[in-house]
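The values are calculated or read from the model by the stated rules, or taken from the named source; none is laboratory data. Everything quoted here is computed from the prediction, not taken from an experiment. Ideal geometry is used to build each Cβ from the backbone, glycine not excepted, and the neighbour counts take in all protein chains shown.
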Amino acid sequence: MTNLGERKLAQLKAEAVKQSRLNGQMISVSPDDLLALIALAETATPGDANPWRPTHRHLKSGGDYRVLLSATLEADRSDAVVYDDRDGTVWVRSAAEFYDGRFAELASGADRAV
């Protein structure tokens, strides 16, 4: 793993833990999702031909976000969504909240800012 990949993965883990502690819950990630997250971190290089692209827009704030993976909240085994913003801040939200209409899925292409 590259140094950048290791730093990005450490940041992703730290942000996920911070968010889960704020909610008083820990998250569980499947091995396949963790491998996908590591691969994502390894490919996050400056000037990458495959730049950060949002998958969803928060309807109230207008902020763009990219879903990284699905997870499970440890406390009640409910589904969660792990996502990030353009600045690299990683967020964790219950899947029920994420998919209740707060976020709109962006179509590939025109709606996505590069």
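Some values worked out for this structure:
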| item | result |
| --- | --- |
| Hits in segment 56-82 (condition: hydroxyl-bearing (S, T, Y) and buried (at least 19 other Cβ atoms within 10 Å of the Cβ)) | Y65 |
| Candidate set: segment 58-86, residues that are of a type in the set (G, A, S) and in a strand (DSSP E or B); chosen: the one nearest to S108 (Cα to Cα) | S70 |
| Any hit, segment 32-54, residues being on the phi > 0 side of the Ramachandran plot, part of a loop (DSSP other than H, G, I, E, B) and either modelled with pLDDT of 70 or more or polar (S, T, N, Q) (or both) | no |
| Subset of segment 91-114 that is aliphatic (A, V, I, L, M) and at pLDDT 90 or above - its residue that is surrounded by the most Cβ atoms within 10 Å (Cβ to Cβ) | V92 |
